[in-house]
Amino acid sequence: MSSPAQPTVLLHLAQGFELLVCATVIVVLVRLRRERRSPATSWALAVFGVLGLVLAAAFVPVKDDGSLLRHGFTVVLVCLLLVVPYALLMFARSLTAVGPWTARAGLILTGALVIATLASPRFPQPGEARGTWFTVYVLLLVVGWALQSIAAARGLWSAGRGQPAIVRNRMRVLGAGALVVAADLVSSGSSATPSTAAQVVTTLIGACGIVLLALAFVLPDWLRASWRGADLADLAATERRLMSAVSPQEVAIASVPAVAQLFGAGGAALVDDTGAVLAAVGLEPTELVGLNDNALEGDVIVTSGGLFACRLSIGWLVVRPGVFAPLYGRAELSLLDRVASFVDLALQRCLLFQSEATSRAAAEAANTELQTLLYSVSHDLRNPIISVLGYLDVLAQEHEGELKGEGQHYLDRISVNAVYMQHLIQDLLELSRIGRSEPAAQALSLGALAKSVAEEIHAMHPTSTISVDGAFPVLWFSELRARQLLTNLIDNAAKHSVGAAQVRVTAETSGSGAVLLVSDTGRGIPPAYREKAFDVFERLDAAHTDVPGTGMGLPICKRIVEAAGGTITLEGPPPGVPTGTTVRIALPGSIVQGWHDAALPLVKEKA
Amino acid sequence: MTPPTVPARVLLAEDNSDHAFFTTRAFHEAHSGDLDMHTVTDGEQLLDYLRQRGDYADALRPHLVVLDLKMPKKNGLEVLAEMRQDEELSRIPVVVLSSSDRVEDISESYARGANSYVTKAASLTGLREGVGELARYWMDIASLPEPA
């Protein structure tokens with residue numbers, strides 16, 4: 001040993017370090033205890049407070065002179081040391097880590113040893129021979145220390161079982177720390193004449209124990225993060241379950257037990273704004289009253305009953321702190337906040353679902369009503385017009401020529417209007433049916449169909465020229481709807497043309513889809529009215545012009561095209577044509593099965 | 001072939017008196033031979049007539065029933081179903097003559113055993129043409145079973 005001063009400096013450094021760690025823990029515990037007064041914080045404070053006093057005593061300059069003062073000082077020091085394992089035991093007891101009988105045994109043992117210490121005449125000086133009584137006394141001291149510390153350490157170590165990862169690991173570290181401190185004190189107590197080097201080693205071991213205890217109390221973020229891993233995996237699973245919940249009850253069932261588990265809480269509950277308990281674990285409904293105060297969303301309040309209540313936008317997430325709550329920190333509260341915001345999102349999503357379901361039910365009811373109305377229309381509205389047409393027919397058949405001049409003209413007008421009414425009812429019904437009850441689709445050559453429709457319309461408008469040229473798509477489409485579409489478009493084009501109408505029907509590709517173009521050389525539609533032309537009952541000419549029509553042709557076309565996922569627009573005449581209209585229908589690729597030249601006969605494959 | 005010795009009997013079930021008038025008229029116009037046509041105005045009456053009950057105890061069963069779907073008391077589809085389950089009435093051909101062109105009405109009528117479905121609005125010149133065609137087919141072209 002080069003210099004005896006060096007180990008002494010080391011010893012003081014080690015003792016100083018130990019004292020510093022202890023003081024830090026004391027400060028943290030005092031703050032914790034101010035936030036939440038509980039037996040656990042009190043006993044923890046007792047452990048560190050007493051340890052701190054003992055450690056501080058090393059710096060008190062009391063001479064080793066065998067005086068009465070010195071003896072008194074030693075007795076107080078020993079008594080304080082005796083209290084440490086008991087306080088540790090009681091700390092473990094407050095976390096229900098050890099049983100009541102162990103605690104009682106600890107009390108009796110500690111009491112006996114304190115009395116023995118107080119009764120002892122004097123302690124032998126270092127180097128002095130120890131008497132038998134003193135050897136027995138020291139043995140009892142060491143055994144008492146060891147038994148209580150081991151009981152406390154063992155209890156703490158296993159108390160975290162079944163708790164969230166942080167609590168579990170904290171309890172283990174507490175247990176380990178208690179064991180190390182105990183072992184250290186036992187070893188220092190059993191050695192009568194320790195060398196300075198040995199004292200440095202024991203002090204450092206003691207410091208390690210205290211550091212372990214301190215770590216468990218003042219959990220650093222990096223340790224918290226590494227321990228939180230398993231809990232976060234549980235949290236993620238909970239969040240996934242929350243995302244698939246579709247009712248507040250499901251949200252509650254998915255979240256409440258998980259929250260209780262995650263926080264090692266004694267209970268958890270989800271309460272809605274009306275105070276109704278959606279789900280609860282370990283909490284009685286009677287404990288959950290009086291939550292409707294003015295807390296803001298996201299606030300965590302502590303109720304008079306000691307419950308943590310997190311204000312959601314709809315209701316409350318309530319947690320009853322478990323026995324390990326003194327070990328909670330801000331991190332736990334922010335985690336609670338995070339879970340609460342997930343629960344809140346899930347609840348809001350459920351409300352959206354519910355309002356959507358309500359609106360859908362309303363829409364379905366309205367739809368059913370509309371169906372009933374349509375049924376009535378199709379039966380009842382038609383009957384009178386059938387009668388009117390019937391009588392007109394009888395008049396025409398049996399009383400022809402009986403009405404003269406204007407009389408016959410009026411009868412003709414009745415006929416025209418009755419027929420118009422018949423068309424109106426028919427078109428209105430058709431319009432309402434499209435997209436509602438769709439006839440079956442089939443592979444359909446649009447060109448062949450357009451040619452056939454063109455021939456029919458040419459027969460009605462003999463002066464018109466209708467050309468169907470080029471390649472046309474083969475569509476997967478209802479023939480009835482395709483025929484309605486083409487008939488309306490070609491008929492419109494033919495009847496709105498001035499003089500000899502020229503109607504052209506062509507098709508072109510557009511990506512994977514198809515575009516159908518029906519153009520005429522009519523008066524054309526001003527751009528401002530092109531959008532309006534698709535509105536029901538919208539006619540550009542007055543109702544009494546000679547152009548027949550109900551004004552429902554284009555709306556019907558629009559419905560048919562949109563039901564198939566396409567779009568329909570009106571454009572001006574093709575280049576080089578002075579006036580006219582082009583109807584452009586874009587159909588999606590999903591219904592285009594191929595292309596076929598309208599001039600070629602459609603070859604049907606035979607099975 | 002020997003011509004039928006009895007006049008063809010047609011029973012029309014129709015609650016709209018105007019429609020009944022046109023239909024009866026169209027049948028008489030279209031059919032060249034003797035025609036014995038009666039009208040009932042609801043489903044109950046129709047079944048009473050067919051089962052020869054109450055006021056219709058002496059009625060002779062028709063060769064053909066022309067049935068409207070929308071009628072008071074018992075609608076056409078209900079009557080149709082009952083007729084088809086009744087052994088004595090199941091063979092009588094039934095032509096549905098309705099103002100509806102709903103797909104559901106048409107398929108349901110055939111599903112319940114209608115022999116034909118004709119829409120009143122099929123012809124825009126009134127009932128005459130459509131019913132005339134119908135009458136010609138059922139009275140002059142088709143062979144009808146003798147009712148039980």
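The values are calculated or read from the model by the stated rules, or taken from the named source; none is laboratory data. Quick caveat: nothing in here was measured; it's all calculated off a predicted structure. Backbone-built Cβ (ideal geometry, glycine too); neighbour counts: all protein chains shown.
Quick notes on this structure:
- Breaking point among (1) more than 51 Å from the chain's Cα centre (by Cα); (2) away from chain B (no Cβ under 14 Å), for A:ALA363: (1)
- Qualifying residue in region B:109-132 (condition: within 12 Å of chain A (Cβ to nearest Cβ), assigned to a loop (DSSP other than H, G, I, E, B), acidic (Asp, Glu) and within 30 Å of A:VAL419 (Cβ to Cβ)): no
- Complete set of residues in region A:405-447 that are small (Gly, Ala, Ser) and surrounded by fewer than 17 Cβ atoms within 10 Å (Cβ to Cβ): A:GLY405, A:GLY407, A:GLY435, A:SER437, A:ALA440, A:ALA441, A:ALA443
- Restricted to region A:276-323, and to residues there that are charged (D, E, K, R) and modelled with pLDDT of 75 or more, the residue that is nearest to A:LEU262 (Cα to Cα) is A:ARG320.
- Test: residue in region A:364-372 that is among the acidic types (Asp, Glu) and farther than 28 Å from A:ILE591 by Cβ: yes
- Selected residue [of a type outside the set (Asp, Glu), touching a Gly at 6+ places or on another chain (Cβ under 9 Å) and either within 14 Å of chain A (Cβ to nearest Cβ) or part of a loop (DSSP other than H, G, I, E, B) (or both)] from B:PRO72, B:PRO62: B:PRO72
- Hey, A:VAL302 farther than 19 Å from A:ASP344 by Cβ, surrounded by fewer than 18 Cβ atoms within 10 Å (Cβ to Cβ), among the hydrophobic types (A, V, I, L, M, F, W, C) and in contact (Cβ under 8 Å) with a residue 12 or more places away in the chain or not: no
- Criterion: buried (at least 21 other Cβ atoms within 10 Å of the Cβ), of a type outside the set (Asp, Glu) and in contact with an Asp or Glu (Cβ under 7 Å, 6 or more places away or on another chain) - qualifying residue of A:LEU82, A:LEU55: A:LEU55
- For region A:389-414, residues that are under 24 Å from A:SER376 (Cβ atoms), among the aromatic types (Phe, Trp, Tyr) and either in contact with a helix residue (DSSP H, G or I) (Cβ under 6 Å, 6 or more places away or on another chain) or more than 9 Å from chain B (Cβ to nearest Cβ) (or both) total 0.
- Some residue of region A:561-571 being among the acidic types (Asp, Glu) and farther than 14 Å from A:GLY522 by Cβ: yes
- All positions within region A:85-104 that are among the polar types (S, T, N, Q) and either part of a helix (DSSP H, G or I) or buried (at least 17 other Cβ atoms within 10 Å of the Cβ) (or both): A:SER94, A:THR102
- Test set (1) part of a helix (DSSP H, G or I); (2) modelled with pLDDT under 80; (3) surrounded by fewer than 21 Cβ atoms within 10 Å (Cβ to Cβ) - A:GLU250 fails condition number: (2)
- From the options A:PRO257, A:PRO194, residue that is modelled with pLDDT under 75 and either assigned to a helix (DSSP H, G or I) or surrounded by fewer than 17 Cβ atoms within 10 Å (Cβ to Cβ) (or both): A:PRO194
Okay, residues lined up against (1) among the small types (Gly, Ala, Ser); (2) in contact (Cβ under 8 Å) with a residue 12 or more places away in the chain; (3) within 14 Å of chain B (Cβ to nearest Cβ):
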site: A:VAL416; (1), (2), (3): no, no, yes
site: A:ASP427; (1), (2), (3): no, yes, yes
site: A:THR463; (1), (2), (3): no, yes, no
site: A:PRO473; (1), (2), (3): no, yes, no
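- Yes/no for B:GLU82 being closer than 25 Å to A:MET421 by Cα, more than 14 Å from every other protein chain (Cβ to nearest Cβ) and either modelled with pLDDT of 80 or more or within 14 Å of the chain's Cα centre (by Cα) (or both): no
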